[in-house]
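Shown next, in structure tokens, is the structure this report addresses.
All of the numbers you see were taken from the coordinates with simple rules; none came from a lab. Since we're looking at a predicted model, the values are computed, not measured. Note: ideal-geometry Cβ built from the backbone for every residue, glycine included; neighbour counts use all protein chains shown.
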């Protein structure tokens, strides 16, 4: 784990270098985040992260430094953001660049994990608690605004005597403009983890 964390440091520093010299206001315009008092406030999976200037330090919801994974992901989003708005067209993970190669693993720790851990009612409860917006897909479908310009849909099919329940994660067709496929996979994994946690109680 320590080696993996250290492997993210060059990526984080590269993102900081790319962001230096861009004004807070311009970054806010490109990425859909809020500029507040010379800082950026970025909503990620329902929590507020703050990027300080000129240090470009990312602080988590409790004001503590964000993890290397969060920092690499969110800085990458800010570097790539160009103001493109979501298209409203959903695509599967397979349709993302190189997504077909990673699809089996991604499905295993997202959709398959939801079905292992939750039933349909548990998914509905978790989705509503997470602020999901119902959409007309599958037997249960919800849209989540994981990052300001990256909506993710989670679709649940209840199954029947012939087919088991199934859940799939879908991305807006513009998502790969903001994060590479491996970054979108992390977004899906963290959203899945949040839903499993919120289903309890």
Item to complete: Measure nothing fancy, just the Cα-based angle from helix 2-19's long axis to the longest principal axis of the chain, in degrees from 0 to 90, nearest 10.
Response: 60 degrees
Worksheet, complete the sentence: For 181, 87, ascending order of other Cβ atoms within 10 Å (fewest first) is 87, 181
Worksheet, complete the sentence: A student applying the Cα gyration tensor rule (rounded when a/c is under 1.5; otherwise prolate if a/b is larger than b/c, oblate if not) would label the chain prolate
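State, as an integer percentage, the relative contact order of the chain based on alpha-carbon contacts under 8 Å between residues 6 or more apart.
Working: 312 pairs, mean separation 43.7, N = 201.
The normalised contact order for the chain reaches 22 percent.
Would you mind ranking 175, 168 so that the residue whose beta carbon has the fewest other beta carbons within 10 Å leads the list? List each step's numbers first, then the result.
On the way: 175 25, 168 20.
In order of increasing Cβ crowding within 10 Å: 168, 175.
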Worksheet item: Taking the chain as a Gaussian network, Cα atoms linked when under 10 Å apart, which of 121, 113, 68 shows the biggest mean-square fluctuation?
Response: 121
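Considering Cα pairs under 8 angstrom that are at least six residues apart, work out the relative contact order of the range 2-80 and quote it in whole percent. Mind showing how you got there, number by number?
Numbers: 85 pairs, mean separation 23.6, N = 79.
Relative contact order for the range 2-80 comes out at 30 percent.
Taking square-rooted eigenvalues a ≥ b ≥ c of the alpha carbon gyration tensor, is the range 2-80 rounded, prolate or oblate, where a/c under 1.5 means rounded and, failing that, a/b exceeding b/c means prolate?
Numbers: a/c = 1.85, a/b = 1.32, b/c = 1.40.
Oblate, because a/c is 1.5 or more while a/b does not exceed b/c.
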Item to complete: Note down, for the range 90-198, the three equivalent ellipsoid semi-axes (square root of 5 times each alpha carbon gyration tensor eigenvalue), biggest first, whole angstrom.
Response: 21, 16, 12
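Using just the helices of the chain, give the 222 nm mean residue ellipticity in deg cm²/dmol: DSSP H runs with n ≥ 4 each add -39,500 (n - 2.57), and the total is spread over all residues, rounded to 500. Walk me through the numbers on the way to the answer.
Details: 7 runs with 85 residues, N = 201.
Calculated mean residue ellipticity at 222 nm is -13000 deg cm²/dmol.
Roughly speaking, what is the stretch gain from residue 128 to residue 104, that is 0.36 nm per residue apart minus the C-alpha to C-alpha distance, in nm to one decimal? Before the final figure, lay out the partial values.
Values: separation 24, 0.36 × 24 = 8.64 nm, distance 2.73 nm.
Fully extending the segment from residue 128 to residue 104 adds 5.9 nm.
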Discussion item. Between the range 104-133 and the range 66-97, how far is it from one alpha carbon centroid to the other, in angstrom?
Written reply: 20 Å
Worksheet item: Ranked highest first by the average count of other Cβ atoms within 10 Å around their residues, in what order do 38-47, 10-19 fall?
Response: 38-47, 10-19
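Among 77, 109, which comes first, then next, by fewest other beta-carbon atoms within 10 Å?
By the 10 Å Cβ count, ascending: 109, 77.
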Worksheet, complete the sentence: For the chain, longest principal axis from Cα atoms; helix 99-109 axis from its Cα atoms; angle between them, nearest 10 degrees, is 70 degrees
Worksheet item: Relative contact order for the range 90-198 using alpha-carbon pairs under 8 Å, separation at least 6, rounded to a whole percent?
Response: 33 percent
Item to complete: Specify the angular offset, from 0 to 90 degrees and rounded to the nearest 10, of the alpha carbon long axis of helix 68-80 from the longest principal axis of the alpha carbons in the chain.
Response: 80 degrees
Practice prompt. May I ask you to derive the FRET efficiency for residue 57 and residue 34 from their Cβ-Cβ distance with R0 = 22 Å, giving the value to the nearest 0.05?
Written response: 0.80
